[in-house]
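Everything below concerns the one structure shown next.
Just so you know, all these numbers are worked out from the coordinates, no wet-lab data involved. Bear in mind the structure is a predicted one, so any value in this text is a computation, not a measurement. Here the Cβ positions follow ideal geometry from the backbone for every residue, glycine too, while neighbour counts run over all protein chains shown.
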Amino acid sequence: MEKPMRIGALISGGGTNLQAIIDACSTGAIGGRMVFVGSDNPLAGGLERARKAGIPHFTVDYSSILSAMRQGVGPPPPADFDLAQTLSRQKLFPKSATAETLERHFTGRAIAEARLLVAMAPYPFDLLVLAGFMRNLSPYFIDRVNIEAGRPRIMNIHPALLPAFPGVDGYGDTFRYGCKVGGCTVHFIDYGEDSGPIIGQRAFAILPEDTEESIRKKGLALEWELYPECIRLYAEERLELVPTTWTLDGGRQVRRVLVRQRRAAF
């Protein structure tokens, strides 16, 4: 991109990865600038990091919105929300989930996400980074951010070597499983949970003397390096999606979208 890439961020907590991205933008390691920081949590420590850096920031309080909905006093879903379309695309819930569970979850998400989209609207962006945002995004939101086919615009970092240990506690799951190697993954968001195309990974050895706390520290140190690096590649337009199909024994086909890194132009 000729102009600095515009980066928006969503957070839920302290924002250490957010700080790594802010710092990389300020030093020129990323050819971009932060244009907003949003949170689902009014008490998120990362909002103070945004304030200190002079970055516009806002909160959409998911907990209050979802609580009001459960009590039957919440707002109606947005006019452009199509439940049937959302359910046809979602990959978060198994087929065994009840219709009531699905409707309640995705309607609530659409209400909160519509407010999030309104809050983001004044700040045009090229890439949205999830920096510890602890909410799964629904097809309603994803389809309104990924507006150009073949060009995803939502990136996430996960505390495990995906596809192993998706979910909220990647380092804890890695430790409790007894793995000898841990790590972190940056990937594009899709309709599933931590299932989108993988952009980059970093790994570390888990030693006999390691604790859950010590592997979290190892992982975070790598996250702060890996996330800005992947964002830099995106800013330089060096990431390419490659649809790929494998034929397994028995003839069953498996389709995945891989991310290929283009060489830098000289």
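Table for the structure above
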| item | result |
| --- | --- |
| FRET efficiency estimate (nearest 0.05) - Cβ-Cβ, Leu83 to Ser63, R0 35 angstrom | 0.95 |
| Exposed trypsin sites (Lys or Arg not before Pro) absent: longest stretch of the chain, with sites in DSSP loops and at most 11 other Cβ within 10 Å deemed exposed | 1-90 |
| Nearest-0.05 FRET efficiency for Tyr177 and Lys52, computed from C-beta distance (R0 30 Å) | 0.20 |
| For segment 203-253: rounded, prolate or oblate by the Cα gyration tensor [a/c cutoff 1.5] | oblate |
| Read-out percent of Cα pairs over 30 Å apart, derived from the coordinates shown; its label in (1) 24; (2) 31; (3) 35 | (2) |
| The chain: calculated mean residue ellipticity at 222 nm from DSSP helix runs of at least 4, using -39500 (n - 2.57) | -11000 deg cm²/dmol |
| Amide N of segment 77-110 lying under 16 Å from the label point, which is placed 7 angstrom from the Cα of Val118 along Cα→Cβ | 77-81, 108-110 |
| Cα-derived Rg to Rh of segment 135-266, Kirkwood definition | 1.01 |
| Proxy reagent accessibility, fewest Cβ within 10 Å first, across Thr245, Thr16, Thr174, Thr101 | Thr245, Thr101, Thr16, Thr174 |
| Options Leu239, Ser26, Ala160, ranked by Cα towards positive dipole end of the chain, top entry (Cβ charges) | Leu239 |
| Distance in nm between pseudo-label sites at Glu193 and Ala149 (7 Å out along the Cβ direction from Cα) | 3.1 nm |
| Modelled label reach - Ala97, point 7 Å along Cα→Cβ, segment 115-158 residues with backbone N closer than 16 Å | 135-143 |
| Theoretical gain in end-to-end length, Arg70 to Thr244 [0.36 nm per residue, Cα-Cα removed] | 58.4 nm |
| Alpha-carbon centroids, segment 23-73 and segment 157-220: separation in whole Å | 24 Å |
| Linear extension gain, Asp23 paired with Arg252, 0.36 nm per residue minus alpha-carbon span | 77.8 nm |
